[in-house]
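Note sheet for the following structure.
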Amino acid sequence: MRIIPAIDILNNQVVRLLKGDYKKVTVYSDSVIEQALVYKNAGFEWLHLVDLLGSKTGNINIIENIREIKSKTSLKIEFGGGIRSYEDAEKAIDAGVDSIIIGSISVKNKPEFEKIVEKLGAQKIIIAADVLDEKIAVRGWTEKTEVTISEHIKYCSSLQIKNFLCTDISQDGMLTGPSYLLYEKLQNEFPAINLFASGGVSSSDDIIKLKKMNVFAVIVGKAIYENRIKIEELIKIGK
């Protein structure tokens, strides 16, 4: 299983939001590159990078952070936040991003989304399927839609996309454990997809359980920053 540490960026700081609420921000570091180097030196291969302001406004704000991480580390980056057009996606790829995380436009602007898939290739895309009560939420979780996660996975799978990062918003930042039942349901319904679990991870036991479920990858953020899980433990479990 791929274990991917997360860096959420807001105002050039490493932060976490509680349940996606921009009024409930905890700052963990003033240096994005220093945090990235911690992960690189620990032996991680991938980094989950989120532009929180971009998610909300639709404008990418962290291109310089991406360039610095790529120039000073060997980390591969999966990046999300603010991608609303093919031009945005191309800008991120040009800055060095390895995989693009796409959320809102895959629901709100399908022609533009399909253009991105066609131009960049389905293998470069990770769909951010952020859910509340199994309905997709978009625009930095500020807008709930009536599209179910199953409907959305079926649509994206029809475009040959295999990577789906599923976050249960009700669990995110709560350190109360991942949404095992949701992930189990999705694994059973869509056995061919690569499921990335995100939200609620609070201990190494959570990650071991997800590994036993054959989840493809897990994103770990707050549990690292709150010292609930040691980085060395993560590396060991991921082997």
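The values are calculated or read from the model by the stated rules, or taken from the named source; none is laboratory data. Predicted, not measured: the structure shown is a model, and the values here were computed from it. Every residue, glycine as well, gets a Cβ built from its backbone with ideal geometry; the counts of neighbours run over all protein chains shown. Only protein heavy atoms, including side chains, enter the accessible area calculation; ligands, DNA and RNA are left aside. Shrake-Rupley method; radii C 1.70, N 1.55, O 1.52, S 1.80 Å.
Lys40: without any contact (Cβ under 8 Å) to a residue 40 or more places away in the chain, open to solvent by 20 Å² or more (accessible area, probe 1.4 Å) and in contact with a Leu (Cβ under 6 Å, 6 or more places away or on another chain), yes or no? For Lys40, the condition - without any contact (Cβ under 8 Å) to a residue 40 or more places away in the chain, open to solvent by 20 Å² or more (accessible area, probe 1.4 Å) and in contact with a Leu (Cβ under 6 Å, 6 or more places away or on another chain) - is met. When segment 153-177 is filtered for residues that are open to solvent by 10 Å² or more (accessible area, probe 1.4 Å), modelled with pLDDT of 85 or more and closer than 20 Å to Ile3 by Cα, the ones remaining, listed by number, are Lys162, Asn163.
The single residue among Val50, Val131 that is crowded, with 16+ Cβ neighbours inside 10 Å, within 18 Å of the chain's Cα centre (by Cα) and either in contact (Cβ under 8 Å) with a residue 60 or more places away in the chain or closer than 23 Å to Ile231 by Cβ (or both) turns out to be Val50. Within segment 19-34, being open to solvent by 30 Å² or more (accessible area, probe 1.4 Å) and either under 28 Å from Asn194 (Cβ atoms) or not aliphatic (A, V, I, L, M) (or both) holds for Lys19, Asp21, Tyr22, Lys23, Lys24, Thr26, Tyr28, Asp30, Glu34.
For segment 66-75, the count of residues that are in contact with a Gly (Cβ under 9 Å, 6 or more places away or on another chain) and within 26 Å of His152 (Cα to Cα) is zero. Being assigned to a helix (DSSP H, G or I) and open to solvent by less than 10 Å² (accessible area, probe 1.4 Å) is a property that Ala89 has. Residues considered: Arg84, Arg2. Of these, the only one that is touching a residue at least 40 places away in the same chain (Cβ under 8 Å), open to solvent by 10 Å² or more (accessible area, probe 1.4 Å) and either among the aromatic types (Phe, Trp, Tyr) or within 23 Å of Leu159 (Cβ to Cβ) (or both) is Arg2.
Checking each residue in segment 64-85 for being modelled with pLDDT under 95 and touching a helix residue (DSSP H, G or I) at 6+ places or on another chain (Cβ under 6 Å) picks out Gly81, Gly82, Ile83, Arg84, Ser85.
Let's see how each residue does on (1) assigned to a loop (DSSP other than H, G, I, E, B); (2) open to solvent by less than 20 Å² (accessible area, probe 1.4 Å); (3) without any contact (Cβ under 8 Å) to a residue 24 or more places away in the chain:
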{"site": "Leu181", "(1), (2), (3)": "no, no, yes"}
{"site": "Asn188", "(1), (2), (3)": "no, no, yes"}
{"site": "Pro191", "(1), (2), (3)": "yes, no, yes"}
{"site": "Ile207", "(1), (2), (3)": "no, yes, no"}
{"site": "Val215", "(1), (2), (3)": "yes, yes, no"}
{"site": "Ile229", "(1), (2), (3)": "yes, yes, no"}
{"site": "Leu234", "(1), (2), (3)": "no, yes, no"}
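The residue that is least open to solvent (accessible area, probe 1.4 Å), counting only those in segment 134-143 that are out of contact with any helix residue (DSSP H, G or I) (no Cβ under 6 Å at 6 or more places or on another chain) and at pLDDT 80 or above, is Ala137.
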